[in-house]
Structure formats: structure tokens, C-alpha cells
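Colleague: Have a look at this one before I ask anything.
The values are calculated or read from the model by the stated rules, or taken from the named source; none is laboratory data. What you are looking at is a predicted structure, and each value in this text was computed from that prediction instead of being measured. Here the Cβ positions follow ideal geometry from the backbone for every residue, glycine too, while neighbour counts run over all protein chains shown. Side chains included, ligands, DNA and RNA excluded: accessible areas come from the protein's heavy atoms. Shrake-Rupley method; radii C 1.70, N 1.55, O 1.52, S 1.80 Å.
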Amino acid sequence: MVDLESEVPPLPPRYRFRDLLLGDQGWQSDDSVQVEFYVNENTFKERLKLFFIKNQRSSLRIRLFHFFLKVLSCVLYICRVLMDDPTKGIGWSPIIWVNRSLPIWGLQVSVASISFFETMLLTYLSYKGNLWDQILRISFLLEIINTVPFFITIFWYPLRNLFIPVFLNCWLAKHAIENTINDLHRAIQRTQSAMFNQVLMLISTLICLIFTCICGIQHLERAGNKLTVFDSFYFCIVTFSTVGFGDVTPHIWPSKLLVVIMIAVALVVLPIQFEQLAYLWMERQKSGGNYSRHRAQTEKHVVLCVSSLKIDLLMDFLNEFYAHPRLQDYYVVILCPTEMDVQVRRVLQIPMWSQRVIYLQGSALKDQDLLRAKMDNAEACFVLSSRCEVDRTAADHQTILRAWAVKDFAPNCPLYVQILKPENKFHVKFADHVVCEEEFKYAMLALNCICPATSTLITLLVHTSRGQEGQQSQEQWQKMYGRCSGNEIYHIVLEHSVFFAEYEGKSFTYASFHAHKKYGVCLIGVRKKDNKNIWLNPGPRITMSSSDTCFYTNITKEENSTFKNQCEQTKSKSLNAGYHGPSRLPVHSVIASMGTVAIDLQDTGCRSSSGPNLALPPGAPAEGRRPSIAPVLEVADTSCIQTCDLLGDQSEDEAIPNDDELSTEEYIKGYPPNSPYIGSSPTFCHLLREKVPFHCLRLDKGWPHNCYEDAKAHSFKNKLIIVSAETAGNGLYNFIVPLRAYYRPKKELSPIVVLLDNPPDTHFLEAICWFPMVYYMVGSIDNLDDLLHCGVSFAANMVVVDKESTMSAEEDYMADAKTIVNVQTLFRLFSSLSIITELTHPANMRFMQFRAKDCYSLSLSKLEKKERERGSNLAFMFRLPFAAGRVFSISMLDTLLYQSFVKDYMISITRLLLGLDTTPGSGFLCAMKITEDDLWIRTYGRLYQKLCSSTGDIPIGVYRTESQSLPASESESSVNADDCEDTKESKKQFTYRTNHRNSTSSDQSDRPLLRKKSLQWARRLSRKVPRHVNKTAEKIGQQRISLCRRSERQELAELVKNRMKSLGLSTAGYDEMNDHQGTLSYILINPSPDSKLELNDIIYLIRPDPLTYVEKDAESSVGNHTGSGHDAKDETQL
């Protein structure tokens, strides 16, 4: 066999590994040739073309030189005319021959020679094979007419005085200046120049027409009226302006013919120019023009990028953005791809906005449009999503591309992005501030179920208000509610603060209580200098230092506050004696030492494990001297802070579990193993030891090991929380997490039922199967059977989420129509149910729980209109459903993103309040209810001290419910005492459930006048019936009377009960007569310390993180855990 290795030729030296390492001299000595490559042909013609035509800067210089030559030739012509004597000629000879002096002739010949050779050279360089196309151009013919005769006069001297129409060079100058402007725009990379070019073309055309007419009339009239240049100028201006005085007129027919020709040319050319100019002007108005570079460098502006601009979105942005004093000099540049809406155009014509807002039609994906908006010089860029789109995912995709385009074009521009779907949030994590709509929406709706009106509380905190709303009203609650709504969150460094500087070295709770007692401000959080995280109420263990940044709520920030001395304060207090509402001072003022109370001191008690212990101190007198409250210590006493084992399997509020409570032992605390989307913050929650099978999550389907087919069969201990949504989006995960957070007591966990129009996917079920008592059901709120199956008859809260499919309504405001009608039906069928609704448009809140003949609702409508006329940004705040927290619109939170431009901490604080983020050491939002046993505290300031001294909780507001003091409506006035007999029983039930104010609204108000008439008619008939009537007729008559006596609410209740019976459901938990129509609820944010507490007040608290004590006092927490059972009766009930 032939040896294959011997047949393989050896590798060349340059490919051997040894030679690559050692080098190969033979390869290195190979001859090499350097080759130069040219972009253009290296010929003389190409080099000339590159210099005269292709190169931008050299071509610009040559065109400018050509323009000055033409202007110089026109100037020389005027000089020749002024030096000429037209009286020397006879007949027609002055038209053909002129008197041209030798210097003028020499200069004209020189200019003509240069122009001629330049024209020939450019014609040669631009030649492309068609000679006639070059020769027959108007510019070439004019050049030949104005230059060749001068060459002839050089060789034949008698022709030196021949007339040559040199004034026609003005048209060549016009052509040159147009080419010069085009080259100039190419050199400076300016593309948006159509408007400027058209204006320049119009002006140059008009000048050329007038100049040609002046020179032509003057020359032709040399044989007639002997006009001067000024006379010709006067004649042309009078003629073209259509005035026509007639004092100067042409006398010979050539000049008359020239006037006719010039007028005809003007009537044809000028309208075309004006039409093009008008078209470009209209297009410019639509596109918005440019934001000049000079303005961008000397003035500050922000850019608002939206896919479609609605009037509500625009006004919310402008009102909130310009509410801050330091932003008054900023300009807002709106970049939108659609044409300006009629309403938007009308608003932007208002002088207040026309000088501040610039609308540009363009796309953020085009660098040219971003350059027009001067994005690289902008102070910030707001990229907003279009929530009115049916496909919200597609809207997010557009927002993501806009954010990427802005970041690519202007990487140093701060970016503020609004996203709709939480799963798309990680695509824009590079932005400086991001607000995910569904995250905030579902977390806020969830907290509404355990902390009433959380949505209203957050909305008022993130809106800029003057605190003057409702001050002109006659009702006290509207004044208090409007005044307290002006509280916002501000920040200041402790060493620069008058409020907090004196508390350096003191505990956080001590600083918070005494600042509220002395100045009326509520310290809610702090940020250390060496830590970027914000802590909400870190508790008494944190000591305040001079470099700390303090976050507080107040009517206005400290920099805009004035302080009153003690004498003025005492005088003010004496004038306001007996008034327990908020202060009546101006907005930009703070009362020093406002509302101080005499508080006795007592030994510090121990921290309750699950909630504040507000019980009356033992041995306290029932009457007479006010009971004492423990002082707030300057430095925390760790021996008196009672902790609990939050990480154990036992609930923190359980002492000795009984048989009914053994089921909670299967709960553990940990982080959810499955997150439905990227970017969700991990939250410590109550979880199951083992995940629930998917089929067991279905509420209305029974299985061999689970025979439950409805919510009632599960025998839940707590009332349900039902959330109705169209699809199981990832945002629903943020509804469940706050309700299953580790700091919620296990006994207070309410079952959650998700009512979906469409079946959920596997990813959603995988995320919720680890949470205890979370179920889903496929159904709709349109169907009464589905509502009854999911347990609406004994639910505590019903959350109705706005549906995406309703966004396709032709009229924008009709997107909420289906939701409003469905909620109204729920409100009529289940009057005791607390319904929390999300709407698309805040203006539709007035239709929630709508009563056409309710005089009080009409008075609130008038109040809203008055507040809007006064310029309030919160005119809708007095609507009862919004004030009570029963309706919410996510568009209200748009201001959260706008405020982040001035307050970069607002998004972080809001996420901490809603439980979307959990920072170690930061507290959480919860609530407690004032009972009869707690009324001994009397005032809000004493409550503040009690909470700070016992549990370290910080109160931030009060949710108050009281009866309506309103005139009777028409429906009420039509009811007499005879109609009340059949409702005595229901009235007793209703009175038992009303609050301490004894609200007397009953179902009798809904009875129409017709039923009263029918009842009287039936009674008269019964009196006429003979005594010998049979028992059957008497029974039928009684049934008819009972039917007439039934109110509309009783009819609805009977309908629901009959339907429950037909479905095999128990009617035991259905309460048809309990409602809240006679009450109103509202929020008082940071009320004054001397505000009196009332029964059933709900206090919003920021409670310290319990895990902080577990981490620091792990040993002591085990010992204290066994002794926490005696405080179970005092725990928070919300």
C-alpha cells in the first residue's frame, strides 16, 4: 500500500507553526505594493467637478461668488443709467444706443468675462450627454444674452454703446441665491428648510419682477416721456399695488406692452408662489415647526412624547407640571405623530399656554424629529402610553421603542416612562423613573379592601393642591376635607430644617411625634446619607443624624413656611377657641406649637405583637382627670419593645390554637416561588406548604376530594374579597401579594375570589397556587348566577376592574358605560356590599351610585363646577364615591410621574406605601379602628403619642364616616307614615348597623308615590267588601296589599333570594336591608393635634417592619412570643 504521508507535500513556510513562532525571513522579504484607492475618478474633470459641484463647502463659496457677480452687474447697470443723458437721442435711437463711459464699460466687460467663463465651465462639468438640455436652459440663455455682446464690443469699438439688458442678471442672481441656500443647508445638515426656501423664493421673485419692470420702463421711456429711475420705481409700485394714481404713465407702445407683460407674469407667478407658501404654512402649523437651537441653549424645556394627545392628558400634565414655582420658566415641547386635535388646538391658543407649550408633529423614532425637539438639550423626556388602546400590549411596545429611540439619541437626557403591563417593565429598566400602571392599580385596589379609601389617600398625596378646596362651602366636613387634601410629601435635610434640627440624636418616633405636636407636620420617613433606600417609619431604633433626609407631609414645604411666636399663637388660639378643625391660616404658613394638649406621663408599656394597644390604663378614673399616656422616649428602650416570631409557623396573634385554628398551621412565610413576570419585587408572604392543584383553584367545580361547588360551601371564617376582571393578567399578582403579606395576621386573611370573563392560562395559575385561600371562577358580573356562585351575597368587598375590550367605544368617555351600569346593578341588588370600581375617565365618577332625584348629589355637582372654575386640580374630590374610596381612575396617578421631575422620591415612597417594594427596615401601611374603648384618648395628638410610645406606629390620617345632613329628596317627601308599617323590622335591623351618628336613611325613601296611591285604593276597596266574602278572596286581597306595600329594595331582595334558592344556595348570609346611603365618608390627611376623635374613625398607620426586631432581637423574641396572647383582644381589626 502506498504511504499516504509521503505523498502529502509539505506546507509552505508561512503556514507552519514553527515558522509562525520563529518567523520566516523569506516570507517577510516578499515584495509588497501599496495601493491607493480613490472614491472618484482621478481625472482632471472629476477633480474640477469635486471642487465646483460635489464638495459642499467649496461649491457654497463658488455660488456665493457667482451671486455677488450678478448683483455687481445690476449695480453697474444702475450706475450707467444714472450717468446717461437720455435727451441726446432722436426717435427710437435712445432705445438701441446708450451713453456708456469707459470705466463703466471696462468693469462690465470684466464682470461679463468672468461670468461667461464660469458658466461655460459649470456647463461642461454638468454635461451628461444631452447638449440641447444644457443650452436651452433659461439661465444659460440669459447668461449668453448678458455676456456675449460685451465680448463683441471688445473687437468692434463702435458697438461699445450698444444697449445690453444687463438688468436681467437679477434673475440669475435669484437662481444663484436659491442654489446657495440649498448648499448652505447641506453644509450645516439642516433639512427642515422648505418654509424658509419658499419665503425666500417669493421675496426674490417679487424683487426681480419690480426691478425688471423699473429698468425696462425707464429704458423704453427714453424714447418717450424721459422717465428717471425714481419715476419708474414710483410707477411700478403704484401699478403693482393696484392703486394707479395715473400721474406717471407710459407714452409709447413698447413700454405699454412691457407693462402688460409684467402684469400678466405677476398674475401668473405670484399666486403660484403664494399658494405654495400657504400650503407650506399650513403643513408647518400641523407639524409644529422647530424648537430653535438658540432657545434650547438659553432656555429650559422638557419633551412630552405621546402616541395620541387627548385634552384630559394634556391638562393634567400642564396643571401638575406648572404647579411647582421653580418650573414656571420651563417650556413644554410635545412630540406627537398625529395631527393636533381641535380641542387641544383651542387650549394651546390660550395665552397662558401658547407662550409655554410648543406642539411638534413627528415621531420619536426619527432622529430628525428628535432633533427638531432638541432632545439632546432637554431637561427631561416623558414617554407616556396610550391607555385608550384596545391592545395594551401593542401600546407598551410602542412606548418601549420610543424610550429606546430617545435613549439612543440623547443618552444623558433623564427619562420618565409610563408603562401599562408589568411584564414589559424590564425593557425600560434603564429609565430614570418608571411607573407601571397595572402594578399600582391592583396594589391600590387591594389595599382598599383592608385600608378603606387607600386610593383616595394616595391620589390626594400625589396631587398638587392649594388646600383651598371647599373653603367657601357651608358644610364643615367639606372645609376640613378640602383643607387636609392640601397635604403633600416634601423632603428636607435635617441640619437645614427648623422642623427637625432640634431632634438630632433622638429616635425617629420621638422626632415624628414632637414635630407634629409643635409644628403640625408628620414625619413619615428618612433616608441616610450613605444609603439610597428610603425607610418609612423605621421605628424608634433609628437615631436621627444631621445628614439625614427627612420626608414629611404638610400643607406646604418648610421653605415656604412662616413661623409665629408664642404670643401670636396664644392670641390665635383664643380666637379659634372651640374650633377643632384644621387651621384657617393662609396656605403658605405653618402654625408653631399648634394644638398642644396637656398630657400626663406614665411608664412606658411594651409593644403589642400585632397592633396598638389603646386600652384604658388600669386604675384610670372614669371621669374627671384625663387619663395619662406614656411619653415618647428620646432613645428607644429595647427592653420594652416586645417582638414576636414572625418567621415561625404559628401566627403572631395566636396564643394557644384550638381545633378550629389548626388549619392555619399549614401556612408558612416565605417568598413566592413563581413570579409571573420579570421585574416583580420579592415580597415576604403567607404561603402554603404545598401548592394547590390547578383544578382545586376552581371555586365552582367539585372534585372527588373536594365537593365544594360554591363559595358558601367552603365555610370561610372571614368574608370574601371578589375581584372581577376580563383576563387573568400579570397585574392581578399585585392584587394578591399585598393581601397575603407576612405582616397581615393569619386570622384576618380573607379569601380571594377572582371572577374572570376568560379562563386563565397556566402561568397565572402557577403563580397563585402557592397562596392560601385564592380561587378563581369563570363568569361575568353581568350574570347574577355567576355572582351568587362566587359568593357575592356574603362578600365584604367587590372590586370591579375596568375592561380592556371597552376601549373600542367610538366616544372616549363611553368606555366606562358598561362598567358603570353593571356596578349600579350590583349597588341596587346588594346594598350592603362595598363595591370598589376602577374607571378609565375621572369625569365619569359622578355616575357612580347615581340618584337622579338626590338633592345632595346635585349640590355636590354644583360645588364641583365652582371648584373647577376657581382653578382647582381636584374638583372631583367632593364626589361621595371618590371621597369614600369606592371609585378610582388610574389616570389620577399620572401626576405621580410628573411630580417625580421635582420630587424624585415620590415613586419610591408610593411603592413602599402600596407594598409593591419591601425595603428591609421600612414600615408598611395599615389601619386601625377607633372603638368605644378607645375614645378616652379624645384627640388625634394624644393618639399620636399613644401609638409612638407603645408600638412605634405613625398615624398619617383619618378616615371618617358620618351621617348626611341634607334636605329630603323628592322621593322622601312623597312617603307618609302609613307606608312605614311594613318596614319596621328592616328599620330595626338597619338602626342596629348604623354608626354612632344614628343615620336614619331607610328604604322607605325609594317608594314611589304610585304605590301609596295604590295602597290607599286597596284599603278603600277592602272597606267596601261585604263581611260574608269568602276566605279565598280575602287572602288574595291581603296578598295584593302586601305586594303594593313592598318597596323597590324589597322586590330586588326577593328576586335575589328566589334566585339563590333556585340555585340551591343558602340565603342565610344575605343582608338586603343594610346599606350606607345615609352616610358619607372622607379622609383627613394629617389633621391638627387637637382634632377630636370620633367613634368608628379609621386611622391610617405606618407600622414599623416587624422583621427588624426579629433580626436584632432573635433571642428575646422567642421568650416574648408565649406572652403575646393577652393582647389579642386589642389587635387591629382591619
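Colleague: If the requirement is being open to solvent by less than 10 Å² (accessible area, probe 1.4 Å) and in a loop (DSSP other than H, G, I, E, B), which of these qualifies: Gly505, Gly539? Steps first, please.
Modeller: Values: Gly505 fails: open to solvent by less than 10 Å² (accessible area, probe 1.4 Å).
Criteria check complete, one pass: Gly539.
Colleague: Could you please find all residues in region 324-362 being assigned to a helix (DSSP H, G or I), more than 30 Å from Lys557 (Cβ to Cβ) and open to solvent by 60 Å² or more (accessible area, probe 1.4 Å)?
Modeller: The answer is Val342, Gln343, Arg345, Arg346.
Colleague: Residues of region 844-870 being within 23 Å of Thr825 (Cβ to Cβ) and assigned to a loop (DSSP other than H, G, I, E, B), which ones?
Modeller: Met848, Gln849, Phe850, Arg851, Ala852, Lys853, Asp854
Matching residues to (1) in contact with a Lys or Arg (Cβ under 9 Å, 6 or more places away or on another chain); (2) surrounded by fewer than 20 Cβ atoms within 10 Å (Cβ to Cβ); (3) modelled with pLDDT of 55 or more:
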residue	(1), (2), (3)
Glu1048	yes, yes, yes
Lys1057	no, yes, yes
Glu1115	no, yes, no
Val1118	no, yes, no
Asp1130	no, yes, no
Leu1134	yes, yes, no
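Colleague: Quick one: what pairs do we get from region 108-132, first residue free of Cβ contacts under 8 Å to residues at least 40 places away in the same chain, second open to solvent by 30 Å² or more (accessible area, probe 1.4 Å) and among the hydroxyl-bearing types (Ser, Thr, Tyr), C-beta under 8 Å, 6+ apart or different chains?
Modeller: Partner pairs satisfying both residue conditions: none exist.
Colleague: Here's a follow-up. If a residue has to be closer than 30 Å to Gly1078 by Cα and open to solvent by 10 Å² or more (accessible area, probe 1.4 Å) to count, how many in region 891-927 make the cut?
Modeller: Matching residues across region 891-927 total 1.
Colleague: State all residues of region 162-187 that are surrounded by fewer than 16 Cβ atoms within 10 Å (Cβ to Cβ) and within 19 Å of Tyr77 (Cα to Cα); if no residue qualifies, say none.
Modeller: Leu162, Phe163, Pro165
Colleague: Which of the residues that make up region 763-790 are open to solvent by 10 Å² or more (accessible area, probe 1.4 Å), within 23 Å of His686 (Cβ to Cβ) and either out of contact with any strand residue (DSSP E or B) (no Cβ under 7 Å at 6 or more places or on another chain) or part of a helix (DSSP H, G or I) (or both)?
Modeller: His763, Leu765, Glu766
Colleague: Here is a follow-up. Please determine, by comparing only the residues of region 90-121 that are of a type in the set (A, V, I, L, M), part of a helix (DSSP H, G or I) and at pLDDT below 85, which one is farthest from Glu221 (Cα to Cα). First the steps, then the outcome.
Modeller: Of region 90-121, the ones of a type in the set (A, V, I, L, M) are 90, 95-96, 98, 102, 104, 107, 109, 111-112, 114, 120-121.
Filter again for part of a helix (DSSP H, G or I), leaving 95-96, 102, 104, 107, 109, 111-112, 114, 120-121.
With at pLDDT below 85 added as a condition, the list becomes 95-96.
Details: Ile95: 8, Ile96: 12 Å.
That would be Ile96.
Colleague: For region 722-755, enumerate the residues that are under 18 Å from Leu925 (Cα atoms), open to solvent by 20 Å² or more (accessible area, probe 1.4 Å) and not basic (Lys, Arg).
Modeller: Tyr743, Glu748, Ser750 - these are the residues of region 722-755 that are under 18 Å from Leu925 (Cα atoms), open to solvent by 20 Å² or more (accessible area, probe 1.4 Å) and not basic (Lys, Arg).
Colleague: Now a separate question. Among the candidates Ile145, Ile154, which residue alone is in contact (Cβ under 8 Å) with a residue 24 or more places away in the chain and open to solvent by 50 Å² or more (accessible area, probe 1.4 Å)? Full working, then the answer.
Modeller: On the way: Ile145 fails: in contact (Cβ under 8 Å) with a residue 24 or more places away in the chain.
It is Ile154.
Colleague: Considering region 720-736 alone, what residues qualify as being at pLDDT 90 or above and polar (S, T, N, Q)?
Modeller: Once the filter is applied, which keeps residues that are at pLDDT 90 or above and polar (S, T, N, Q), region 720-736 yields only Ser724.
Colleague: For region 928-950, which positions are polar (S, T, N, Q) and either free of Cβ contacts under 8 Å to residues at least 12 places away in the same chain or buried (at least 21 other Cβ atoms within 10 Å of the Cβ) (or both)? Full working, then the answer.
Modeller: Kept after step one, since they are polar (S, T, N, Q), are these residues of region 928-950: 931, 939, 945, 949-950.
Within region 928-950, Gln945, Ser949, Ser950 meet the criteria.
Colleague: So, one more: Could you tell me whether Glu488 is more than 22 Å from Arg740 (Cα to Cα), buried (at least 21 other Cβ atoms within 10 Å of the Cβ) and either touching a strand residue (DSSP E or B) at 6+ places or on another chain (Cβ under 8 Å) or of a type in the set (Asp, Glu) (or both)? Break it down into steps so the answer makes sense when it comes.
Modeller: Working: more than 22 Å from Arg740 (Cα to Cα): yes; buried (at least 21 other Cβ atoms within 10 Å of the Cβ): yes; either touching a strand residue (DSSP E or B) at 6+ places or on another chain (Cβ under 8 Å) or of a type in the set (Asp, Glu) (or both): yes.
Yes; evaluated as a whole, the condition is true for this residue.
Colleague: A further question follows. Can you tell me which residue in region 791-807 is nearest to the chain's Cα centre (by Cα), limited to those that are among the charged types (D, E, K, R) and in a loop (DSSP other than H, G, I, E, B)?
Modeller: First, pick out the residues of region 791-807 that are among the charged types (D, E, K, R): 802-804.
After this cut, where a residue has to be in a loop (DSSP other than H, G, I, E, B) as well, the list is 802-803.
Values: Asp802: 18, Lys803: 20 Å.
Looking at the filtered set, the residue picked out is Asp802.
Colleague: Which is open to solvent by 70 Å² or more (accessible area, probe 1.4 Å) and in contact (Cβ under 8 Å) with a residue 12 or more places away in the chain, of Phe426, Phe382? Step through it out loud before you land on a result.
Modeller: Details: Phe382 fails: open to solvent by 70 Å² or more (accessible area, probe 1.4 Å).
Sole residue among the options that is open to solvent by 70 Å² or more (accessible area, probe 1.4 Å) and in contact (Cβ under 8 Å) with a residue 12 or more places away in the chain: Phe426.
Colleague: Name the residues in region 391-425 that are under 21 Å from Glu804 (Cβ atoms) and of a type in the set (Ser, Thr, Tyr), would you?
Modeller: Passing the criteria: Thr393, Thr399.
Colleague: Let me ask something additional. Has region 261-274 got at least one residue that is at pLDDT 85 or above and closer than 30 Å to Asp904 by Cβ?
Modeller: no
Colleague: Does region 122-132 contain any residue that is in a helix (DSSP H, G or I) and touching a Ser or Thr at 6+ places or on another chain (Cβ under 9 Å)?
Modeller: Looking through region 122-132, none of the residues is in a helix (DSSP H, G or I) and touching a Ser or Thr at 6+ places or on another chain (Cβ under 9 Å).
Colleague: Just one of Leu304, Leu313 is out of contact with any Phe, Trp or Tyr (no Cβ under 6 Å at 6 or more places or on another chain) and of a type in the set (A, V, I, L, M, F, W, C); which is it?
Modeller: Numbers: Leu304 fails: out of contact with any Phe, Trp or Tyr (no Cβ under 6 Å at 6 or more places or on another chain).
Checking each option against the conditions leaves just Leu313.
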